[in-house]
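The values are calculated or read from the model by the stated rules, or taken from the named source; none is laboratory data. Computed from a prediction, not measured in an experiment: that's the story for all the values here. Cβ: placed from backbone, ideal geometry, glycine included. Neighbour counts: every protein chain shown. These accessible areas exclude ligands, DNA and RNA; they are computed on the full protein's heavy atoms, side chains included. Shrake-Rupley method; radii C 1.70, N 1.55, O 1.52, S 1.80 Å.
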Amino acid sequence: MSPENVQGKFRDLLPKFKSAGSRFQNYLHYFAGKDLLYAMRDKLGDWGFEDSSNKNHPEEVFIERVVTRIEHTDGVWEWLPKWKKLRQLIEETNFSES
């Protein structure tokens, strides 16, 4: 893609990412976690992700809770097949060989 056609490419792709678009319908494959967090940001406070000290925004509280859960959970690599496969590949790799 050339710098000259970036805006044109953006305009072409935008409908696919809107609510009726094909990529939106399969958002877990096409959106990054930051995109999903951004879309949820206005509702997080309503869902109980509030900080009583008002030092942190609801999205920071949400992220902290997710990280805490992951740190205290065994086998998080089993949550997604690709994570499980990655772990298997790492375990089977001999890093001492060149």
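If you go through segment 4-23 and keep only what is assigned to a loop (DSSP other than H, G, I, E, B) and not small (Gly, Ala, Ser), you end up with just 18.
If you go through segment 1-21 and keep only what is open to solvent by 70 Å² or more (accessible area, probe 1.4 Å) and either of a type in the set (A, V, I, L, M, F, W, C) or within 29 Å of residue 66 (Cβ to Cβ) (or both), you end up with 1, 6, 10, 16, 18, 19, 20. If you scan segment 24-82, which residues turn out to be modelled with pLDDT under 90, of a type in the set (Lys, Arg), in a loop (DSSP other than H, G, I, E, B) and closer than 30 Å to residue 13 by Cβ? The one that is modelled with pLDDT under 90, of a type in the set (Lys, Arg), in a loop (DSSP other than H, G, I, E, B) and closer than 30 Å to residue 13 by Cβ: 41. Within segment 62-98, the set of residues being open to solvent by 100 Å² or more (accessible area, probe 1.4 Å), in contact with a helix residue (DSSP H, G or I) (Cβ under 6 Å, 6 or more places away or on another chain) and not acidic (Asp, Glu) comprises 83, 84.
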